[in-house]
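Visitor: First, the structure itself, so that you have it in front of you.
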Amino acid sequence: GNNWGAFDTIFSPGDFNGDGKSDVIARNASTKDLHLYLGNGSGGFKAGTGDVVGNNWGAFDTIF
């Protein structure tokens with residue numbers, strides 16, 4: 001993927017939404033909000049994903 005520089009933490013929670021495909025969560029370095037990117041099953045992400053699923057996670061040094 002491109003343009004991941006805005007994020008300070010990127011990790012996979014596994015299958016976040018139960019569709020059988022691996023997903024990614026990224027924390028914005030400025031806002032500390034968590035963004036969910038749903039996997040499409042072929043190495044990319046579903047269109048329209050990247051929605052905020054958590055706010056103000058700046059108090060955490062490690063997220064997994």
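All of the numbers you see were taken from the coordinates with simple rules; none came from a lab. Not measured: the values here are computed from a predicted model. Counting neighbours? That spans all protein chains shown, and the Cβs are built from the backbone with ideal geometry, glycine included.
Visitor: Picking from GLY39, GLY18, GLY54, which is most flexible by a Gaussian network model of the chain using Cα springs under 10 Å?
Guide: Ranking GLY39, GLY18, GLY54 by mean-square fluctuation puts GLY18 first.
Visitor: Still on this structure, please answer the following. In debye to the nearest 20, how big a dipole does the chain give about its Cα centre with +1 on each Lys and Arg Cβ and -1 on each Asp and Glu Cβ?
Guide: Charge dipole of the chain: 80 debye, to the nearest 20.
Visitor: Around PHE7, which amide H atoms from residues at least 5 apart in sequence, or from another chain, sit under 5 Å from its own amide H, with H modelled in the peptide plane?
Guide: The list, which skips near neighbours in sequence, is ALA29.
Visitor: Give a residue-ordered list of calculated ³J(HN,Hα) values for segment 5-18 (Karplus: 6.51 cos²θ - 1.76 cosθ + 1.60, θ = phi - 60°; whole Hz; x for Gly, Pro).
Guide: x, 6, 9, 9, 9, 9, 8, 9, x, x, 8, 5, 9, x
Visitor: While we're on this one: What are the ³J(HN,Hα) couplings of segment 54-62, residue after residue, when phi is run through the Karplus curve with 6.51, -1.76, 1.60 and θ = phi - 60°? Round to Hz, x for glycine and proline.
Guide: Whole-Hz 3J(HN,Hα) from phi for segment 54-62: x, 10, 6, 8, x, 6, 9, 7, 10.
Visitor: Let me see the P(r) profile for the chain: every Cα-Cα distance counted, bins of 5 Å, each bin given as a percent of all pairs.
Guide: With 5 Å bins starting at 0, P(r) equals 4, 19, 30, 25, 15, 6, 1.
Visitor: Quick one: which residues, 5 or more positions from PHE16 or on another chain, have an amide H under 5 Å from its amide H? H modelled 1.01 Å from N in the peptide plane, none for Pro or chain starts.
Guide: Distant-sequence amide H within range of PHE16: ASP23.
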